[in-house]
Amino acid sequence: MELTTKQKIAFGIGAVGKDMVYALSASYVMYYYQDVLGLPATFVGLILMIARVFDAFNDPFMGVLVAKTRTRWGRFRPWIFTGTVLNAAVLYALFAAPVLAEAGMMVYFSVVYILWGVTYTMMDIPYWSMIPAVTRTPADRENLSVVGRSCAGVGSALVAMFTMLLVGILGGDSERAGFRWVALLVAVLFVAAEIICCASVRETGGKMQTATVGEMFKALFSNDQALVVVGSIVLINSALYLTSNFIIYFFKYDFGGEGWKASYTLFSTIGGAAQILGMMVLYPLLRKKLSNTGVFTVSLALALGGYGVMLALCLTGFSGNMALLCVPGVVVFACNGMLTVLTTLFLSNSVDYGQLKTGRREESVIFSMQTFVVKAASGVAVFLTGIGLDLIGLTGNTSEVGPIAAQSASTLLGLRLMMTVLPMVVLAAVLWLFRRKFTLTDARAAEVSAQLHADNKGA
């Protein structure tokens, strides 16, 4: 049975819902527990890193459980539904922390956040693993993967655009109450999205391949191009997480003012729209003129330039001008959208390359490895954020009333540098890695595909 438009839309809706949840956690847990509730930033970052690394190692185990599942509703949908309901409940608990002393809050945060990671894995692994079971042809699999990744980007952008605006509207002067209501809203939308996905996307059979952590690393290191792409994905995501975690502190304490939430929301909305524009409009337009590798290089160079302009604005006293800040912001976020599409495409091509090189097609292993290392990398990035906030001496604003805590000039300078220079260093490493080690150009990918096709016809 051919994959229908209705099924593609439902699968995309599921991606929007689940990445709204992931984005809320990835972008705002540090701020909520450090700035709103007053826990030390380094402690929060450490727990986030430990949980993400644990979660990464938990992925293969979850894959094995899903592979062994047999129910009347299929292999994947029971896990997606169950994981969604549990994760939605834990998400609410994560952003509805009770009033506790610091030691009690540390224990509460540690337990609830690790539970959040475990329950998210329960639905995330079967969601992506379901693709081979709902498609019959490689073209359908690639198309559904692109739909999922693109819609996931939309979900992340929506959270970036509206979270702080809703926190202010729903919570008034209390950010603590605001985050609780936002978490409840996102949790409800999440459950609704996955119900639509489970009800509309039907499994048609197909075998699910599972891999141990050892098999993942073996497959990755035997495929030099997959190694380059996965490394690039890790670095690009690290830059994104560093930016998303620091930018809210910049708007609250540096940009400042009574309306800082509105300013942050405006910047995030423009950035989120630019990210979607990059994925759905700019990439197709540039692709008509350039190769995929050319678009990738241009995107990296433009993103570096955007961060450079943002740094210049911060150092020359123009960081309080929203119109000027939005110019490099649009460039950075639009380029990130294009890089998301391109890395997914490059990873798909590296699977063909690996098959030609080793004789084994390890699609599920390579894509599982991507999830594994990205989760670990996001943990490291947020840990570095926590260390950075403590190093520059940023004082949280835990009081629900009164003016926003004033920061020293050195703290604000450190915040500006970390918000721009750190992502620039990471993206420069991606550009170096890509130009030195990536050989799977469009022409080479076409050659590999043609060779595989010829080999299959001759078999």
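If only residues of the stretch 201-232 that are of a type in the set (Val, Ile, Thr), modelled with pLDDT under 70 and within 20 Å of Gly148 (Cβ to Cβ) are counted, the one that is least open to solvent (accessible area, probe 1.4 Å) is Thr204.
Of the residues making up the stretch 428-442, those that are touching a residue at least 12 places away in the same chain (Cβ under 8 Å) and open to solvent by 10 Å² or more (accessible area, probe 1.4 Å) are Ala428, Ala429, Leu431, Leu433, Phe434, Arg435, Lys437, Phe438, Thr439, Thr441, Asp442. Pairing residues of the stretch 257-281 that are basic (Lys, Arg) with residues that are buried (at least 17 other Cβ atoms within 10 Å of the Cβ), at Cβ distances under 6 Å and at least 6 apart in sequence or on separate chains, gives Lys261/Met164; Lys261/Gly168. Out of the stretch 175-200, which residues are open to solvent by less than 30 Å² (accessible area, probe 1.4 Å) and not hydrophobic (A, V, I, L, M, F, W, C)? Passing the criteria: Glu175, Gly178, Glu194, Ser200.
Scanning the stretch 241-260 for residues that are at pLDDT below 85 and open to solvent by 20 Å² or more (accessible area, probe 1.4 Å) returns Tyr241, Ser244, Gly257, Glu258, Gly259.
Quick grid of which residues meet (1) in contact with a His (Cβ under 7 Å, 6 or more places away or on another chain); (2) buried (at least 20 other Cβ atoms within 10 Å of the Cβ); (3) closer than 30 Å to Lys357 by Cβ:
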residue	(1), (2), (3)
Ser263	no, no, no
Val281	no, no, no
Thr293	no, yes, yes
Gly306	no, yes, no
Val309	no, no, no
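Residue pairs whose Cβ atoms lie under 6 Å apart, sitting 6 or more positions apart in sequence or on different chains, and linking a residue in the stretch 334-346 that is open to solvent by 20 Å² or more (accessible area, probe 1.4 Å) to a partner that is modelled with pLDDT of 90 or more and not small (Gly, Ala, Ser), are Val341/Tyr283. Show the residue pairs that are 6+ apart or on different chains and have beta-carbon atoms under 6 Å apart, the first residue being within the stretch 170-181 and over 14 Å from Tyr28 (Cα atoms), the second being assigned to a loop (DSSP other than H, G, I, E, B) and open to solvent by less than 40 Å² (accessible area, probe 1.4 Å). Short answer, once both residue conditions are applied: none.
Take Ala97 and tell me if it is of a type in the set (A, V, I, L, M, F, W, C), modelled with pLDDT of 90 or more, farther than 23 Å from Gly153 by Cα and open to solvent by less than 20 Å² (accessible area, probe 1.4 Å). Yes, satisfied.
The values are calculated or read from the model by the stated rules, or taken from the named source; none is laboratory data. Please read these numbers as outputs of a predicted model, since none were measured by experiment. Every residue, glycine as well, gets a Cβ built from its backbone with ideal geometry; the counts of neighbours run over all protein chains shown. Surface areas here come from the heavy atoms of the whole protein model, side chains and all, with no ligands, DNA or RNA. Shrake-Rupley method; radii C 1.70, N 1.55, O 1.52, S 1.80 Å.
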